[in-house]
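Take a look at the structure below.
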Amino acid sequence: MEDVIPLLHNISSVQRLLDFARLVIALGYEKIVVTKAYGAAAQHGLGELGRIAYKAGTSLIVLPDLPDAVELLRPDEVIIVSKDHAREHVDPASPIEARGRVLVAFNGGDPDFTHQEASLGRPVYFRGLKSRIGPAGEAALLLYPLTLRGDGDSG
């Protein structure tokens, strides 16, 4: 993919936020987007994430909600990682097919994306998984194969 932007939506857990961010940074992505952060993640986690992202040279974008990210970042495609709303089941061992600038949204909360949120993009989930594994695990399964594509561009 030419440009992949990982996004974490609906997050209140500091640990989930930081685990997701560390994974995205370790995989070499240049941007992290966080939408609808609240509670401890908003009060304490975003500050820590800002420090981690700055040290790694990664851009951090914090926005109020998922539609704001779609409107402002103007991706060619939006992939919504959603077990409840998936219309497509992808193989975690293979890179997902997408073109152009792609926004990949992962849900940080226990409830999955709402129907309205899932309708903002292409809802996918992983073949063979019986339940959600959290945003860091889902990001590892979806983003890691993209870094191995050999086109030299991981984000």
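Points worth noting:
Yes/no per residue for (1) in contact with a helix residue (DSSP H, G or I) (Cβ under 6 Å, 6 or more places away or on another chain); (2) surrounded by 11 or more Cβ atoms within 10 Å (Cβ to Cβ); (3) in a loop (DSSP other than H, G, I, E, B):
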site	(1), (2), (3)
Arg99	no, no, yes
Gly109	no, yes, yes
Phe113	no, yes, yes
Leu120	yes, yes, yes
Tyr125	no, yes, no
Leu129	no, yes, yes
Ile133	no, yes, yes
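- Screening Ile133 on (1) touching a residue at least 12 places away in the same chain (Cβ under 8 Å); (2) within 19 Å of Ser13 (Cβ to Cβ) shows it passes everything except condition (1).
- Ile61 being assigned to a strand (DSSP E or B) and either out of contact with any Phe, Trp or Tyr (no Cβ under 6 Å at 6 or more places or on another chain) or surrounded by fewer than 19 Cβ atoms within 10 Å (Cβ to Cβ) (or both): yes
- The one condition from (1) modelled with pLDDT under 95; (2) closer than 23 Å to Gln116 by Cα that Met1 does not meet is (2).
- Within the range 51-84, the residues that satisfy the criterion of being over 21 Å from Arg22 (Cα atoms) and touching a residue at least 60 places away in the same chain (Cβ under 8 Å) are Leu73, Pro75.
- Residue list for the range 4-50, restricted to those being without any contact (Cβ under 8 Å) to a residue 60 or more places away in the chain, part of a helix (DSSP H, G or I) and of a type in the set (A, V, I, L, M): Val14, Leu18, Ala21, Ile25, Ala26, Ala40, Ala42, Leu46, Leu49
- Checking His89 against (1) under 16 Å from the mean Cα position of the chain (by Cα); (2) in a strand (DSSP E or B), the condition it does not meet: (1)
- Candidates in the range 128-154 are the residues that are touching a strand residue (DSSP E or B) at 6+ places or on another chain (Cβ under 7 Å) and closer than 15 Å to Glu97 by Cα; of these, the one that is modelled with the lowest pLDDT is Leu146.
- Residue within the range 42-57 that is surrounded by fewer than 19 Cβ atoms within 10 Å (Cβ to Cβ), among the acidic types (Asp, Glu) and touching a Ser or Thr at 6+ places or on another chain (Cβ under 9 Å) present: no
- Close contacts from the range 109-122, counting a first residue that is closer than 17 Å to Tyr38 by Cβ and a second that is part of a helix (DSSP H, G or I) and β-branched (Val, Ile, Thr), with Cβ to Cβ under 6 Å and a gap of 6+ residues or different chains, come to none at all.
- Screening Val104 on (1) on the phi > 0 side of the Ramachandran plot; (2) buried (at least 19 other Cβ atoms within 10 Å of the Cβ) shows it passes everything except condition (1).
The values are calculated or read from the model by the stated rules, or taken from the named source; none is laboratory data. What you see is a predicted model; the values in this text were computed from it and never measured. Here Cβ is always computed from backbone atoms with ideal geometry, including for glycine, and neighbour counts include all displayed protein chains.
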